[in-house]
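Step one of this worksheet: look at the structure below.
The values are calculated or read from the model by the stated rules, or taken from the named source; none is laboratory data. If you're wondering where the values come from, they're calculated on a predicted model, not measured in any experiment. Note that we place each Cβ from the backbone using ideal geometry, even for glycine, and neighbour counts take in every protein chain shown.
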Amino acid sequence: MGYDSISLGATISYAMEWNKKNPDNQVLEGIQFGDAKKMMSLIRKCASGKCEELGQGSLRLALQCGDLSFAMQGKGLEYPAYLPETNPGYPWALAGGHMSMRTFLLLILDGQKTDIDYWENAVMGGIYYTRDDLIGLCKFAGAPNEDVVASINDVFGTSVTKEDIDGAILRSYLLGRLLEKKVGYTDEEYDVPSRVYEGNNKNVKMPDFLTREFMDELKTRVEKNWDKLTEEQGICLPA
């Protein structure tokens, strides 16, 4: 039995902030920032199935409390330690935001670009970060595409190309997206926490560009692109 450190940490941090804001309506035994002893106690209780509030994750806890604005999650999946103010690609990650959508450090590493065209292309290209999930290679190895293609052909006696691998990644992503829609994810859930739009995180020293208007336009463009590609690829799910 185990639990995910990202989901666990984000849920505890939500409870800490809720308790700071709501002294008369505490959750998770009134856990506060800096209370390491109580945090460890809650973690152990969660591991043994005795702390349902923590075990349910940040989305359900936030719905229970009645405030989703600072729950660091998207579609019920908690964010890793990359600020959503810097990453409008989070909503289109199929799994972990740092594992299935390669947009999480672009604002820092790619010249702090903030135009809508750049981020549209970044999201569309971000899915190819899942290449290593399909072939079982560690992402942190950072293997070049040409080496991956050569290795596959050498091991299996095939003649695949980079384009073949890219096509497999695209089809896998499009199928995953359709599955999200089928299980009931709504358009509203493809978003970042509403606190992001307040633009009041003084700890972020990079450009403050992620507005509601920006995100709405990005969503319109990206969803239109995915719909077109889904049709072109003939991707569909059984009824």
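Only one of (1) modelled with pLDDT under 95; (2) surrounded by 15 or more Cβ atoms within 10 Å (Cβ to Cβ) is not met by Arg44, so which one is it?
(2)
Is it the case, given these coordinates, that Ala62 is of a type outside the set (Phe, Trp, Tyr), closer than 20 Å to Thr11 by Cα and part of a loop (DSSP other than H, G, I, E, B)?
So Ala62 does not fit the description; no.
Restricting segment 79-96 to residues that are farther than 23 Å from Lys202 by Cβ and not hydrophobic (A, V, I, L, M, F, W, C), which is surrounded by the most Cβ atoms within 10 Å (Cβ to Cβ)?
Only one residue fits best here, namely Gly89.
So, Asn19, is that one surrounded by 16 or more Cβ atoms within 10 Å (Cβ to Cβ), in contact with a helix residue (DSSP H, G or I) (Cβ under 8 Å, 6 or more places away or on another chain) and over 30 Å from Leu170 (Cβ atoms) or not?
Here the answer is yes, as Asn19 does meet what is asked.
If you go through segment 186-235 one residue at a time, how many are in a loop (DSSP other than H, G, I, E, B) and either under 26 Å from Leu63 (Cβ atoms) or acidic (Asp, Glu) (or both)?
Selection size over segment 186-235: 11.
Is it the case that segment 123-146 has a residue that's among the charged types (D, E, K, R), closer than 21 Å to Leu218 by Cα and in contact (Cβ under 8 Å) with a residue 12 or more places away in the chain?
Within segment 123-146, none of the residues are among the charged types (D, E, K, R), closer than 21 Å to Leu218 by Cα and in contact (Cβ under 8 Å) with a residue 12 or more places away in the chain.
Quick one: is Lys37 surrounded by fewer than 13 Cβ atoms within 10 Å (Cβ to Cβ) and either under 20 Å from Asp67 (Cα atoms) or assigned by TED's automatic domain parsing to the domain that holds Ala95 (or both)?
no
Looking for something touching a Ser or Thr at 6+ places or on another chain (Cβ under 9 Å), part of a helix (DSSP H, G or I) and closer than 15 Å to Pro193 by Cα - is there at least one such residue anywhere in segment 38-53?
No, segment 38-53 contains no residue that is touching a Ser or Thr at 6+ places or on another chain (Cβ under 9 Å), part of a helix (DSSP H, G or I) and closer than 15 Å to Pro193 by Cα.
Name the helices (runs of 4 or more DSSP H) wholly inside segment 93-182 in which the number of residues that are more than 21 Å from the chain's Cα centre (by Cα), at pLDDT 95 or above and outside the structural domain of Leu8 (by TED's automatic domain parsing) is 2 or more.
Result: 145-156, 162-182.
Across segment 65-92, which residue is farthest from the chain's Cα centre (by Cα) among those that are among the aromatic types (Phe, Trp, Tyr) and part of a loop (DSSP other than H, G, I, E, B)?
This residue is Phe70.
Count, please, the residues in segment 170-221 that happen to be without any contact (Cβ under 8 Å) to a residue 24 or more places away in the chain, touching a Lys or Arg at 6+ places or on another chain (Cβ under 8 Å) and acidic (Asp, Glu).
Final tally of qualifying residues: 0.
Anything in segment 47-58 that is among the aliphatic types (A, V, I, L, M) and crowded, with 17+ Cβ neighbours inside 10 Å? List them, or say none.
Leu54
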